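Down below is the structure, laid out as structure tokens.
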Amino acid sequence: MVKYNPELKAQVVGQFLNDKMSVVELAQKYRVPKRQIQYWIQRYRLGGIETLKRKANKRNFSTDFKLSVIDYYQTHDESLAAVATKYDILACQISVWRTGFNRDGVEALRSHQKGRPAKVKRKKKSTSSPEKQNEVERLRAELIQKNKELYETRLENDILKKSMALFGPSKDDAKHK
């Protein structure tokens, strides 16, 4: 997304209003999409020159603010652009909030952690409580038992493979092939 400086925006809007240049002419002159110029003009008409300035930092909105914007939009007969200008936010943001609210209720408007969850869960250092130590000892004993069973199973498997190599396949194996 291209970011245009406020001076350019003000110059384009001024030429549209004062010099009576068309949007198409301005788009060709400044190499800016027509829709972008129309958007700037609409913002200027609804909220003045302040709406053309870029916001300095990312803003976080409270759940109450989001609810009040949605409520205002639904109870008043105004366009998304007009409501967005009144609250100094983007029109698409109101639409996103409203869609989420209709789908999931107030929970969709609450702040939540952004981004993808971590792939690897970080292990916390174990605390040395007696209950956990008993649990760890029990699990170690269980692991030792499972390792013994695995060893015995592998040993039996090796014996079967060697017997197959020495004596050949059984009659049952020949029937199944």
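Structural remarks
- Some residue of the stretch 60-67 being on the phi < 0 side of the Ramachandran plot, hydroxyl-bearing (Ser, Thr, Tyr) and surrounded by 11 or more Cβ atoms within 10 Å (Cβ to Cβ): yes
- Condition met for Phe61 (under 30 Å from Leu109 (Cβ atoms) and in a helix (DSSP H, G or I)): no
- Residue within the stretch 26-36 that is among the aromatic types (Phe, Trp, Tyr) and modelled with pLDDT under 85 present: no
- Test: Ile70 is part of a helix (DSSP H, G or I), within 15 Å of Asn5 (Cα to Cα) and open to solvent by less than 60 Å² (accessible area, probe 1.4 Å): no
- Residue in the stretch 110-119 that is over 30 Å from Gln36 (Cβ atoms) and modelled with pLDDT of 85 or more present: yes
- Of all the residues in the stretch 64-102, those that are in contact with a Leu (Cβ under 8 Å, 6 or more places away or on another chain), among the polar types (S, T, N, Q) and modelled with pLDDT of 90 or more number 1.
- Residue match in the stretch 128-142 (condition: among the polar types (S, T, N, Q), at pLDDT below 85, under 30 Å from Glu50 (Cα atoms) and open to solvent by less than 100 Å² (accessible area, probe 1.4 Å)): no
- The set of residues in the stretch 4-58 being charged (D, E, K, R) and not in a helix (DSSP H, G or I) consists of Asp19, Lys20, Arg31, Lys53, Arg54, Lys55, Lys58.
- Filtered by the rule that a residue be under 15 Å from Tyr87 (Cβ atoms) and open to solvent by 80 Å² or more (accessible area, probe 1.4 Å), the stretch 33-54 gives Leu46, Glu50.
- Any hit, the stretch 1-20, residues being exposed (fewer than 11 other Cβ atoms within 10 Å of the Cβ), within 22 Å of Lys114 (Cβ to Cβ) and touching a residue at least 24 places away in the same chain (Cβ under 8 Å): yes
- Scope the stretch 80-120; condition open to solvent by 60 Å² or more (accessible area, probe 1.4 Å), under 19 Å from Arg43 (Cα atoms) and either part of a loop (DSSP other than H, G, I, E, B) or polar (S, T, N, Q) (or both); matching residues: Leu90, Gln93
The values are calculated or read from the model by the stated rules, or taken from the named source; none is laboratory data. The model shown is predicted, which means the values in this text are computed figures rather than measured ones. Neighbour counts are summed over all protein chains in view; Cβ atoms, including those assigned to glycine, are modelled from backbone coordinates with ideal geometry. These accessible areas exclude ligands, DNA and RNA; they are computed on the full protein's heavy atoms, side chains included. Shrake-Rupley method; radii C 1.70, N 1.55, O 1.52, S 1.80 Å.
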